[in-house]
Amino acid sequence: MLPLEETKICVIGLGYVGLPLARLFSTRFQTVGFDMNPARVQALNAGHDGTLEVSDDLLQEALRSGRFTCTASIEDIRDCNFYIVAVPTPVDENKNPDLRPLWGASDTVGKVISKGDIVVYESTVYPGVTEDECIPRVAQVSGLTYNVDFFGGYSPERINPGDKLHTVEKIKKVTSGSTPEVAERVNAVYASVIAAGTHMAPSIKVAEAAKVIENTQRDINIAFVNELSKIFDRLGIDTQDVLAAAGTKWNFLPFKPGLVGGHCIGVDPYYLAQCAQRHGYNPEIILAGRRMNDGMGEYVATQTMRAMIRKRIPVLGARVLLLGFTFKENCPDVRNTRVIDIVRSLQEFSIQVTIFDPWANPEIARREYGVDVLTEAPAETFDAVILAVAHKQFASLDLHTFRKPVSAVVDVKGFLPAGAADFRL
């Protein structure tokens, strides 16, 4: 095994996970970022990250160092010896895990990997995917033998999009390897750049399981407070007031009700659920939590229409302003945004929906969801205003400028002052 300082890293997939990781590794090692999207690579090599996860200053500093470059050419990664796969792991229309991005990345690694090299997966999966689905493809394409000619590892990503406080180097990293010696090497590579330290799991499957339950746990907890919100609405109690009171106990978990989207929490539980079902167990709590959270967009739309009816605002043909479209605040990521569920539920009643989001990319929103998104505030008034995403820009908005003399306000995030909304989760 080569000395640690001779490690040359390739990160495959330069999205929200891969780019920050590659940039960080370049502070210590020669690092190549690989992405199949030439436009993405061109923008990064020009010094700008459209996801806003890596600042232009940090990215340009990494590029100037001579230790970091981005490429869409497979030939540029052939001389690396430590490959990290950080591609998305979505679900299909039936909520089944879609492993095609992982299969494609594994085939790419198989075309360039050499004897003695290591491939580590970061993409969130259910236990067994790395060694049962991915590694066999690397072996088949390369003609090399696993744990003889090349080795594997798993180190689950812990990126929180839009979070500038808990950046990749400040979050403890779980690592694992296919042999004890390889586990030590994988851990050493990550430990050399992760200031928060590492935790070496005893096996790849344990590391995979640890990641998938992190997000499943959050999903279930949010589902619980979403259900509480529905109950308290019927009791005429403000959920935010209840949570504030309960939160005075030192061990009360501070979860908030809301929409659950994105590429992690709204997706990963399905990976664990299908894994359980394949092994003959039907996961009741996990799937119940998913049903609860997946239904919140329709619930918000229903509560909006109820608020309008109480104010005698005609619902059919009404005009509604939706503030925010991304899956979370202060982040341009629209992957698996559940705000679209609000839009579609309202449109079923012939309601005209105008979406205003200063963070979202209108082209991506139109291509992925078929909706138009304004990045500048509209100069119109509406029958109802829904605050769906708590972007910092919305804190200074005067909602009265968008409201008709009689209109309804719905606060999905508990973002507005108490009493400012006709309904809030």
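The values are calculated or read from the model by the stated rules, or taken from the named source; none is laboratory data. The structure displayed is predicted, hence computed values, not measured ones. So basically every Cβ, Gly included, is an ideal-geometry build from the backbone, and we count neighbours across all protein chains shown. The area values use the complete protein model at the heavy-atom level, side chains included, leaving out ligands, DNA and RNA. Shrake-Rupley method; radii C 1.70, N 1.55, O 1.52, S 1.80 Å.
Just to verify a number: FRET efficiency for D149 and W103, C-beta to C-beta distance, R0 = 22 Å, to 0.05? Efficiency for this residue pair is about 0.60. For the stretch 1-49, trypsin sites (Lys or Arg not before Pro) meeting the loop criterion (DSSP other than H, G, I, E, B) and having at most 16 other Cβ atoms within 10 Å: R28. Sites listed here are trypsin sites (Lys or Arg not before Pro) in the stretch 152-220 whose DSSP assignment is loop and whose Cβ has at most 16 other Cβ atoms within 10 Å: K164, K172. In a simple Cβ point-charge model (Lys, Arg +1; Asp, Glu -1; nothing else charged), the stretch 189-300 has a dipole of about 240 debye relative to its Cα centre. Protein-only accessible surface at a 1.4 angstrom probe places the residues R67, R290, R319, R367 in the order R367, R67, R319, R290, largest first. Here the accessible area is traced with a 1.4 Å probe on the protein chains. For the stretch 176-223, carbon and sulfur cover 56 percent of it. The helix-based estimate of mean residue ellipticity at 222 nm for the chain, built from -39,500 (n - 2.57) per DSSP H run of four or more residues and divided by its residue count, is -11000 deg cm²/dmol to the nearest 500. On full extension, the segment bounded by K111 and E376 gains 90.8 nm, given 0.36 nm per residue less the C-alpha separation. Counting heavy atoms of the protein chains only and a 1.4 Å probe, report the per residue accessible area for the chain as a whole number of Å². I get 45 Å² per residue for the chain. Charges were assigned to the Cβ only: +1 to each Lys and Arg, -1 to each Asp and Glu. The resulting dipole of the chain about its Cα centre is roughly 940 debye.
The fraction of accessible area contributed by carbon and sulfur in the stretch 95-157 is 46 percent, rounded to a whole number (1.4 Å probe; ligands and nucleic acids excluded). The label-point distance for M1 and D92, in a model that sets each label 7 Å from Cα toward Cβ, rounds to 3.8 nm. With 0.36 nm allotted per residue and the present C-alpha distance subtracted, the H166-Q277 stretch has 36.6 nm of extension available. Each residue, W250 and R367, gets one label point 7 Å from its Cα in the Cβ direction; the gap between the two is 5.2 nm. For the stretch 37-79, a/c is not less than 1.5, where a ≥ b ≥ c are the root eigenvalues of the C-alpha gyration tensor, and a/b does not top b/c. That puts it in the oblate class. With 32 Å as the limit on Cα-Cα distance, the pairs of K95/K249; K111/K328; K211/K328 that go past it are K95/K249; K111/K328. Full extension of the chain between A195 and N221 yields a length gain of 6.5 nm, computed as 0.36 nm times the residue separation minus the alpha carbon distance. Accessible surface ranking for E131, E122, 1.4 angstrom probe, highest first: E131, E122. May I ask you to derive the FRET efficiency for D241 and S65 from their Cβ-Cβ distance with R0 = 60 Å, giving the value to the nearest 0.05? Calculated transfer efficiency: 0.70. If R0 is 51 Å, the Cβ-Cβ spacing of R234 and A39 corresponds to a FRET efficiency of close to 0.55. Positive-end ranking of G162, I351, N336 along the dipole of the chain, with charges on Cβ about the Cα centre, is headed by I351.
Under a 5 Å amide H cut-off, with hydrogens placed 1.01 Å from N, C70 pairs with G33 among residues at least 5 apart or on other chains.
Matching the structure-derived mean projected area of the Cα convex hull in nm² against the labelled list (1) 36.4; (2) 21.6; (3) 20.1 gives the label (2).
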